[in-house]
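Trainee: Quick one: this structure, given as structure tokens, is what I'll be asking you about.
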Amino acid sequence: METVQIKEANNGIYAKIVKIVEEIIAAKQSNFSSETLSLENEIDQVVYQLYGLTNEEIEMVESSFS
């Protein structure tokens, strides 16, 4: 796997994603059937912010998973 460099301007976003992923892992380790959908949705929102997606673009992405 190739290492990706995080731009300094994106360190805060990277830190948010890492924190949420750690919360998901902790929840699943204590109870594998734990509901983590809200945390997963939070990651989606942070990624949308990272890429600067508009509401229309977000709707297009989310509708492609339905």
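Only the coordinates and a few stated rules stand behind these numbers; no lab work does. None of these values were measured; they are calculated from a predicted model. As a convention, Cβ positions derive from the backbone with ideal geometry for all residues, glycine included, and neighbour counts pool all protein chains shown.
Trainee: Mind listing whichever residues of region 38-66 are among the hydrophobic types (A, V, I, L, M, F, W, C) and more than 11 Å from the chain's Cα centre (by Cα)? Explain how you work it out, then say what you get.
Mentor: Quick first cut of region 38-66, residues among the hydrophobic types (A, V, I, L, M, F, W, C) only: 39, 43, 46-47, 50, 53, 58, 60-61, 65.
Leu53, Ile58, Met60, Val61, Phe65, listed by residue number.
Trainee: Can I ask one more? Among residues belonging to region 5-19 that are over 21 Å from Phe65 (Cα atoms) and among the β-branched types (Val, Ile, Thr), point out the one that is farthest from the chain's Cα centre (by Cα).
Mentor: Filtering region 5-19 for residues that are over 21 Å from Phe65 (Cα atoms) and among the β-branched types (Val, Ile, Thr), the one farthest from the chain's Cα centre (by Cα) comes out as Ile6.
Trainee: Could you please let me know if Glu62 is part of a helix (DSSP H, G or I), free of Cβ contacts under 8 Å to residues at least 24 places away in the same chain and within 23 Å of Ala9 (Cα to Cα)?
Mentor: no
Trainee: Moving on. Residue by residue through region 36-66, note down the ones that are farther than 19 Å from Ala26 by Cα and small (Gly, Ala, Ser).
Mentor: Gly52, Ser63, Ser64, Ser66
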